[in-house]
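Nothing in this text is a laboratory measurement; each read-out follows from the coordinates by a stated rule. Model, not experiment: these values are computed from the prediction. All Cβ positions, even for glycine, are placed from backbone atoms using ideal geometry, and neighbour counts span all protein chains on display.
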Amino acid sequence: LLFSDIRTEFSGLLDPRKVGALDFQALDNMEAVWEADLKDPASTPPPVESSLQPRASVDSCLDLYRRATEAFSRLEGSYAGQDVVLVGHQDVLSAFCASMIGTDLGRHHLDYPFELGQVRCLDLSGPAKEGEPDRDAKDFVGYSGVAKAVDVIS
């Protein structure tokens with residue numbers, strides 16, 4: 001692989017999760033957000049009340065899911081059959097894995113936690129692992145996708 005063969009693209013679809021009033025606060029505050037995710041994937045962190053559009057300052061799991069599926073659709077259209085490296089933030093990438101594999105979206109932070117700098121391989125060619133929903137390699141609808149997650153480097 002030559003450096004000249006590498007293409008870089010930047011997309012807001014992999015931007016960090018918007019956490020509203022919790023932005024720039026201690027990371028421990030995310031525990032409450034993740035607990036709310038477990039109860040309802042449509043829940044959001046507390047918004048920035050002084051914002052002109054408070055709802056625009058927060059993302060729910062469903063918002064992350066929408067961004068993940070849009071990113072995947074774009075990547076699939078542009079790079080079908082090629083290896084792709086995604087660089088993003090913890091919640092966005094864990095929600096991306098949950099949406100591609102088809103597991104409960106609210107559990108993304110439990111089932112697919114990411115450490116800082118972690119690399120994970122998402123193999124779109126493999127069969128479902130035990131406990132994952134069955135899937136068809138041509139099916140990409142709803143909360144399900146076509147993948148299995150394997151840690152390459154932790």
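Here are a few things to note about the model shown:
- FRET efficiency, residue 7 to residue 121 (Cβ-Cβ, R0 22 Å, nearest 0.05): 0.70
- Residues residue 28 and residue 55, FRET efficiency given R0 of 22 Å [Cβ-Cβ distance, rounded to 0.05]: 0.35
- Coil-residue trypsin sites (Lys or Arg not before Pro) of the stretch 5-97, DSSP, other Cβ within 10 Å capped at 14: 7
- Measuring r between the beta carbons of residue 85 and residue 63 and using R0 = 35 Å, the FRET efficiency lands at 0.90.
- Total formal charge among the other residues, if their Cβ is under 11 angstrom from that of residue 82, Lys/Arg +1 and Asp/Glu -1: -2
- Cα-centred dipole magnitude for the stretch 8-67, charges only on beta-carbon of K, R (+1) and D, E (-1), debye, nearest 20: 220
- Alpha-carbon gyration tensor eigenvalues x 5, square-rooted, for the stretch 1-116, Å: 27, 16, 13
- Taking label points 7 Å from Cα along the Cα-to-Cβ direction, residue 104 and residue 14 give a separation of 2.8 nm.
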